[in-house]
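The values are calculated or read from the model by the stated rules, or taken from the named source; none is laboratory data. In this text the structure is predicted, and so the values were computed from the model without any measurement. Cβ coordinates were reconstructed from backbone atoms using ideal geometry, including for glycine residues, and neighbour counts include every protein chain displayed. Side chains included, ligands, DNA and RNA excluded: accessible areas come from the protein's heavy atoms. Shrake-Rupley method; radii C 1.70, N 1.55, O 1.52, S 1.80 Å.
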Amino acid sequence: MRRIVRSRARRRWSPPRDLLNEASGDSTGHVPGREAARSLARWIALGALVGAACGLGSAAFLYALESATAFRGAHEELVFTLPIAGLGIGWLYEKFGQPIKGGNNLVIDTI
């Protein structure tokens, strides 16, 4: 019986040929200049839109955080109402959250 020995040498990763051919336009690797410029402009525009959306979301979050901190600083007695608020939220969840209890357990089970 012959035994097959496989080499354990690491191979360099290379993208699939279909991906290379699609990105390069043809099998020779030549990309027409106008098509490449259009593709680059599209990616830059999409990147700018995603960056602007992330920046706006971050700015809104920081503004809300600063407002909440200022409100808490002006009304320090609110800290003592947190246990009561927790009990109220727990009661609301117990009273109205029964239909979604299975969904929460599914989320916890997947973690």
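Of the whole protein surface, residue 91 contributes about 150 Å² of accessible area at a 1.4 Å probe radius. Computed from backbone phi, the HN-Hα couplings of segment 66-75 come to 5, 5, 5, 5, 5, 5, 5, x, 7, 10 Hz, rounded to whole numbers (Karplus: 6.51 cos²θ - 1.76 cosθ + 1.60, θ = phi - 60°; Gly and Pro given as x). What percentage of the solvent-accessible surface of segment 46-85, computed with a 1.4 Å probe over protein heavy atoms, is contributed by carbon and sulfur atoms? Using a 1.4 Å probe with all protein chains present, segment 46-85 comes out at 78 percent carbon and sulfur. Per-residue extension of 0.36 nm, minus the Cα-Cα distance of residue 45 and residue 75, leaves a gain of 6.3 nm for this segment.
In this structure residue 71 has an accessible area near 110 Å², from a 1.4 Å probe over the protein heavy atoms.
Under the convention that each Lys and Arg Cβ holds +1 and each Asp and Glu Cβ holds -1, the size of the dipole of segment 26-93 around its Cα centre is about 320 debye. Residue separation of residue 53 and residue 68 scaled by 0.36 nm, minus their Cα-Cα distance, works out to 3.1 nm of gained length.
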